[in-house]
Amino acid sequence: MFGRRKIAALVAEFIGTGALTLLILSVQRSTIGVPFFVAAAAGLTVVLMVFALGRSSGGYFNPALTIGFWTARKLSTVTAVLYIVVQMLGAWGAYYLYTYFVKNDLQPIGGHFTARILTAEAVGTGLFAFGVAAAVYQRFSTAVTASFAGLSLMLGAIAASSAALGLLNPAVALGTRAWVWGTYVLGPVIGAVIGINLYALLFAEPSKATVSVSSAVKAVTGKKPAAKKKTSRAKKK
């Protein structure tokens, strides 16, 4: 059912999301857990993980991004669902690994729903997703795409941190005990959907968008999309 390439893609999403969650936990719960250093740690981790694993899965590591690219028809429904499942598992695994390291359970930090936090997470994730979409649709190299993704995440997290935790990732929210549906789950999803589709509709060149979709299909399935057959009718004399 699953070939080596598909399994590698799922494992890449699991490892990438887990590493991102673990690094955020390690900085967030430390003595230097100020928003800037948390954002910097998240950005650097994304740079490394996208550079190392991006060719295998696309380097999403974030259910909000996955949903955003699914709405932009860059991912199939089955692939998106599988990615979200392994991303959540990766974040949950990172939580247990961190609590094993510190020998202590973590208290919830998500608080309660407020429109201000929802808006902050949506705006920050929108900025992050817009930068990632620019790299994808302009077909940057792996190194440049990784840099764009990391820098965009860092800036988006800093922008959101004035009113929220600046996680911008529902999986990370689960792993850091900040799982609140109305803020740290819904907020990033709304921001990612708006940011990605805004870039795709207004700024992406149609020819490059088509090529990028073909590349995404090839990366996930290992096969090129089937070409449409041209039919022609013989002219009657």
Sum of -39500 (n - 2.57) over DSSP H runs of 4+, divided by residues of the chain (222 nm, nearest 500): -23500 deg cm²/dmol
Quick one: order Phe130, Phe61 by neighbouring beta-carbon count within 10 Å, fewest to most. Phe130, Phe61
To the nearest Å, what is the center-to-center distance of region 128-170 and region 67-89, using C-alpha atoms only? 18
Per residue convex hull volume, Cα only, region 46-200, in Å³ is 102
Fewest to most neighbouring Cβ within 10 Å: what's the order for Ile117, Ile109, Ile24? Ile109, Ile117, Ile24
Okay, which of region 185-201 sit inside 18 Å, backbone N to the point 7 Å along the Cα-Cβ direction of Val144? 200
Residue by residue through region 131-141, what is 3J(HN,Hα) from phi via Karplus (6.51 cos²θ - 1.76 cosθ + 1.60, θ = phi - 60°)? Round to whole Hz and write x for glycine and proline. x, 5, 4, 4, 5, 5, 6, 8, 6, 5, 5
I'd like to know which of Gly54, Gly68, Val85 lies farthest towards the positive end of the charge dipole of region 1-148, counting +1 on Cβ of Lys and Arg and -1 on Cβ of Asp and Glu. Gly54
Apply 1/(1 + (r/R0)^6) to the Cβ-Cβ distance of Leu198 and Val81, taking R0 = 25 Å, and write down the FRET efficiency to the nearest 0.05. 0.55
Would you work out which of Leu174, Gly195, Gly156 lies farthest towards the positive end of the dipole of the chain, given +1 charges on the beta-carbon of Lys and Arg and -1 on that of Asp and Glu, about the Cα centre? Gly195
Is the C-alpha gyration tensor of region 89-163 telling us rounded, prolate or oblate? Criteria: a/c under 1.5 is rounded; beyond that, a/b larger than b/c is prolate, otherwise oblate. oblate
Which order results if Arg4, Arg73 are arranged by neighbouring Cβ count within 10 Å, fewest first? Arg4, Arg73
Cα long-axis angle, helix 77-102 against the chain (0 to 90 degrees, to the nearest 10): 20
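Computed from the coordinates by the stated procedures, all read-outs in this text should not be read as laboratory data. Everything numeric in this text was worked out from a predicted model, so none of it was measured. Positions of Cβ are generated from backbone atoms using ideal geometry, with glycine treated the same way; all protein chains shown enter the neighbour counts.
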